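Worksheet: one structure, shown below.
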Amino acid sequence: MSRKGRRMIFKTAEEIELIRENCLLVCKTLAYVGSMLKPGLTGEEIDTKAEEFIRDHGAIPGFKGLYGCPSTLLVSRNEAVVHGLPSKEQVFEDGDILSIDCGTYMNEFYGDAAYTFCVGEVKEETLQLCRVTNESLYLGIEQAVVGNRVGDVSFAIQNYTERVHKYSVVRELVGHGLGKSMHEAPDVPNYGRRGQGPVLKEGLVIAIEPMVNMGRKEVRTLRDDWTIVTKDKKPAAHYEHTIAVTKDGPDILSNHELIIEEIRKNPNVIPIVREQAVS
Ligand code: MG
Ligand code: MG
């Protein structure tokens, strides 16, 4: 969908807190899902649990029904980059990496976050892809300060993943503004040039979400019309935070620590954490 020409909507401190509540519920949902992940489980099973969890907490799934999305979670395995549809046939296997993306809606605002879970014996080169993608998310967030431009965020992600680590960022899908709509202006690409694009101002809320391919950047859409996969079938990773631009710097409204805490207790999942050496 094209969001070009749409105006950015700046949020009050109160509105940012409502978005934070959603983002924290998204991360609690991802933590809950992460606590149960294991080989043999299906996408359908975790999707059902996630929807129940969100509704039990007084919210509704943010993706379900949006643009015709049939599910609460988007579960993208291995060569799937994003927008994978959870199903009965999607059976998790030892060595899988699963990007699980989730949104919620309550109190008239959305929340959005994603994390790539490494299930069982994941290859070291794939773990490294995940670490680098996760690290690039934080390098992007560091640039989300008042007076910088979207291109500063984009450049930081692209520079680290492509120039330093020789991976490829996906061009067709981007991060986005978020608020009373799941997708608002501005687009936040994971590639770009420093000093270009819209100026970041206080009250802007954006989802920053690097999608990084181990091999080439080209992707295609599967026949389900949803799942985006790498053309070369090599794995892709995806991590996402929603952040607010404030006068005190970027305020990360989602919280991956909630997820990491739960998966540390799950012997089937290898946590990807920020402190790991990635140089
Ligand atoms: Mg998302
Ligand atoms: Mg998003």
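We did not get these values from a lab; they are worked out from the coordinates using the rules stated. Predicted, not measured: the structure shown is a model, and the values here were computed from it. Neighbour counts are summed over all protein chains in view; Cβ atoms, including those assigned to glycine, are modelled from backbone coordinates with ideal geometry.
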(message) I'd like the full set of residues that are more than 11 Å from Asn148 (Cα to Cα) and assigned to a strand (DSSP E or B), limited to the stretch 191-220.
(response) Val205, Ile206, Ala207, Ile208, Met211, Val212, Asn213, Val219, Arg220
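Going by what's in this entry, would Ser71 be described as surrounded by fewer than 17 Cβ atoms within 10 Å (Cβ to Cβ), in a loop (DSSP other than H, G, I, E, B) and among the small types (Gly, Ala, Ser)? Lay out the reasoning, then the answer.
On the way: surrounded by fewer than 17 Cβ atoms within 10 Å (Cβ to Cβ): no; in a loop (DSSP other than H, G, I, E, B): yes; among the small types (Gly, Ala, Ser): yes.
Against the criterion (surrounded by fewer than 17 Cβ atoms within 10 Å (Cβ to Cβ), in a loop (DSSP other than H, G, I, E, B) and among the small types (Gly, Ala, Ser)), Ser71 does not qualify.
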(request) For the stretch 78-99, state whether one or more residues are under 19 Å from His241 (Cβ atoms), of a type outside the set (Val, Ile, Thr), touching a Ser or Thr at 6+ places or on another chain (Cβ under 9 Å) and more than 16 Å from ligand 2 (Cβ to nearest atom). (result) yes
(request) Identify the single condition in (1) more than 28 Å from Tyr67 (Cα to Cα); (2) within 16 Å of ligand 1 (Cβ to nearest atom) that Asp152 does not satisfy, given that it satisfies every other one. (result) (2)
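Give the stretch 200-214 a look and list any residue that's among the β-branched types (Val, Ile, Thr) and either under 30 Å from Lys233 (Cβ atoms) or exposed (fewer than 15 other Cβ atoms within 10 Å of the Cβ) (or both), or say none.
Here is the first cut: in the stretch 200-214, the residues among the β-branched types (Val, Ile, Thr) are 205-206, 208, 212.
Ile208, Val212 - these are the residues of the stretch 200-214 that are among the β-branched types (Val, Ile, Thr) and either under 30 Å from Lys233 (Cβ atoms) or exposed (fewer than 15 other Cβ atoms within 10 Å of the Cβ) (or both).
Is there a residue in the stretch 256-271 that is outside any helix (DSSP H, G or I), in contact with a Ser or Thr (Cβ under 8 Å, 6 or more places away or on another chain) and buried (at least 24 other Cβ atoms within 10 Å of the Cβ)? Show your work before the answer.
First pass over the stretch 256-271, keeping only residues outside any helix (DSSP H, G or I): 264-271.
From what is left, the residues that are in contact with a Ser or Thr (Cβ under 8 Å, 6 or more places away or on another chain) are 265-266.
Among the residues that remain, those that are also buried (at least 24 other Cβ atoms within 10 Å of the Cβ) are: none.
No, every residue in the stretch 256-271 fails to be outside any helix (DSSP H, G or I), in contact with a Ser or Thr (Cβ under 8 Å, 6 or more places away or on another chain) and buried (at least 24 other Cβ atoms within 10 Å of the Cβ).
Is it the case that Tyr115 is among the aromatic types (Phe, Trp, Tyr) and more than 30 Å from Gly40 (Cβ to Cβ)? Spell out how you get there, then give the answer.
Working: among the aromatic types (Phe, Trp, Tyr): yes; more than 30 Å from Gly40 (Cβ to Cβ): no.
Criteria not met by Tyr115.
Sort out which residues of the stretch 5-22 are part of a helix (DSSP H, G or I) and out of contact with any strand residue (DSSP E or B) (no Cβ under 9 Å at 6 or more places or on another chain), and write them in order of number. Explain how you work it out, then say what you get.
So in the stretch 5-22, the residues part of a helix (DSSP H, G or I) come out as 13-22.
Glu14, Glu17 - these are the residues of the stretch 5-22 that are part of a helix (DSSP H, G or I) and out of contact with any strand residue (DSSP E or B) (no Cβ under 9 Å at 6 or more places or on another chain).
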(message) Could you check the stretch 116-165 and list, in sequence order, the residues that are under 23 Å from Ile259 (Cα atoms) and either β-branched (Val, Ile, Thr) or in contact with a Phe, Trp or Tyr (Cβ under 6 Å, 6 or more places away or on another chain) (or both)?
(response) Thr116, Val119, Val122, Thr126, Val132, Thr133, Asn134, Ser136, Leu137, Leu139, Ile141, Ile157
